[in-house]
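Beneath this line is the structure, given in structure tokens, with notes to follow.
Just so it is clear, none of the values below were taken in a lab; they were calculated from the coordinates. Note that the coordinates shown come from a computational prediction; the quantities given were computed from them, not determined experimentally. No Cβ is skipped: glycine too gets one built from the backbone with ideal geometry, and neighbour counts run over all protein chains shown.
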Amino acid sequence: MDERKIEIEASPALTADEAEPKRRRKSIVREYAEAIAIAVLLALVIRSLVVQAFTIPSGSMMDTLLVGDYILVNKFLYGPELPLLDWRMPAIRDPRRGDIIVFKYPQDEKRDFIKRIVATAGERVQVRGHQVLVNGRPLQEPYTKFADSGGGRGAEAYCGYAYGCEPTLVPPDSYFVMGDNRDNSQDSRYWGFVKRDKIKGKAFLIYWSWDGDRHWLRWWRLANYIS
């Protein structure tokens, strides 16, 4: 019986010098992938727990904040909400009167609002003309803006607000907030109080400002701390 032999020619083994570039390419790709993954993860953690960027779309906080200001909000200060969990980390401190805060709009929590706290839980707030009274004492508010400069500050006048016309007690874990541009602001005077757990953080820095009407950079507002 004729036995035929089949010879299989083995491919020559790669030399060390030839294999090294392939290993190097795989190593570089892996390093880049790991670096990108870590960067994305850190960005998500920072955005969720530490600092988040927002832009100002309306004039309700003029002249403190202008339309086109890009701001940073400190979420860590008040205790950030953990993603996908109904739980907050411990706060460094509670929100205070005078803080400018970003919060979920009570009538539509998909929208974010920014206002200034004028009264905290347990305080009685009243709005009389251009004057805000807290526990019967007038607030000194040099940052406010009004459509007119008349003598209505503190004057007795008809009040058509839903909240604050009479001394109004701020409920527990709640805040009474108002815009600095008082005649152009939908705030607690109209829709009530902001709950503590709806506050996202405290605005603290303008990092960019673009004048959309004139199409130029407001360079003098860059890196300005918000107060």
Original post:
So what are the ³J(HN,Hα) numbers for the range 218-223, from phi and the Karplus equation (6.51, -1.76, 1.60; θ = phi - 60°), rounded to whole Hz, Gly and Pro as x?
Top reply: 7, 5, 6, 9, 5, 6
Original post:
How much length is gained if the chain between Arg214 and Tyr158 is pulled fully straight, taking 0.36 nm per residue apart and subtracting their Cα-Cα distance, in nm to one decimal?
Top reply: 16.3 nm
Original post:
For the range 209-227 and the range 71-146, what is the separation of their C-alpha centers, rounded to whole Å?
Top reply: 24
Subject >> Amide hydrogen neighbours beyond the local backbone of Leu205, cut-off 5 Å, H modeled >> reply: Leu72, Ile226
**OP:** Could you list the chymotrypsin sites (Phe, Trp or Tyr not before Pro) in the range 73-129 that lie in coil according to DSSP, counting only those with at most 16 other Cβ atoms within 10 Å of their Cβ?
**Re:** Phe76, Trp87
Original post:
Working out 0.36 nm times the residue gap between Tyr70 and Arg93, then minus their Cα-Cα distance, what length gain in nm do you get to one decimal?
Top reply: 5.8 nm
Subject >> ³J(HN,Hα) computed for each position of the range 36-43 - Karplus, 6.51 cos²θ - 1.76 cosθ + 1.60, integer Hz, glycine/proline x >> reply: 5, 4, 5, 4, 5, 4, 5, 4
Subject >> Efficiency of FRET from Cβ geometry, Ser227 and Ala35, R₀ 35 Å, rounded to 0.05 >> reply: 0.40
Original post:
Can you run phi through the Karplus equation (6.51, -1.76, 1.60; θ = phi - 60°) for the range 66-75 and list ³J(HN,Hα) in whole Hz, with x for Gly and Pro?
Top reply: 10, 4, x, 6, 10, 10, 10, 10, 7, 8
